[in-house]
Amino acid sequence: MTTPPRAHHDHHPDPADDPRAFWESHYERQRDRFRGNPNALALDHLEDLGPGSALELGSGQGADAIWLARRGWTVLATELSATVLRLADERAREAGVADRIEWRRHDLASGVPDGSFDLVLSSYTQSPVAFPRTAVLRAAADRVAAGGTLLIVGHSGTPSWTTERDHAVDMPDAATLIADLDLPEAGWTVDRSADVERPITDPEGRPATRQDSVVRFRRRPV
């Protein structure tokens, strides 16, 4: 679930759709569109971190996990779609980093994987089918080790070519996200917080923009 266009799809699913079936169908359609590019907005806020252990929530086509693995991280990458996990594993093998990444099919709505991680990354984990994103992010914060980082990148607005909004998709700006998570000040600091207008292209290939948000939390050392 890391590719930036993820929150905008070819159709508007019924909220009753099964999430697994929806994402399997989505990534089957995306199979031939893999670009191999990691999320540039996330990378801007990861490059200064030393390698360690990472948990990625919604790894999508695997580009961010592969980028981390190439820099010495060991990564547990979770995704709901078995189709996209197979594709991501193929890309990791081609990149020579398959031994650094565990691809795990996992429904984050049912809980976040156990463990303690130096980095927890949530990159565009936004869905037009039912998904308790804020609750998942709060649970994910509990998996961050002392001194570790929680990085959340997401859409905070619709693309510039439309005002139509899918109300199932949670798109808070940075300040709202911080308030919604309400992580205790005694245990956390906000390293970085920004709302960004990102250049994209519309369905006709013309220049367009989209508002995104990025927040980097640091868990205080014990």
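None of the figures in this text is laboratory data; all of them are computed from the coordinates on show. On a predicted model such as this, the values are computed, not experimentally measured, just so you know. Glycine gets a Cβ as well: all are built from the backbone with ideal geometry, and neighbour counts include every protein chain shown.
I'd like the Karplus ³J(HN,Hα) series for the stretch 68-77: coefficients 6.51, -1.76, 1.60, θ = phi - 60°, whole numbers in Hz, and an x wherever there's a Gly or Pro.
Whole-Hz 3J(HN,Hα) from phi for the stretch 68-77: 5, 4, 5, 9, x, 6, 9, 10, 9, 10.
Quick check: Cα centre of the stretch 76-96 to Cα centre of the stretch 179-219, how many Å?
25
Mean projection of the alpha-carbon convex hull of the stretch 58-111 over all orientations, in nm²?
Spelled out: convex hull of the Cα atoms, projected over all directions, averaged, 3.2 nm².
Starting with the highest mean, order 137-149, 195-207, 112-124 by the number of other Cβ atoms within 10 Å, averaged over the residues of each peptide.
The densest-packed peptide leads the list: 112-124, 137-149, 195-207.
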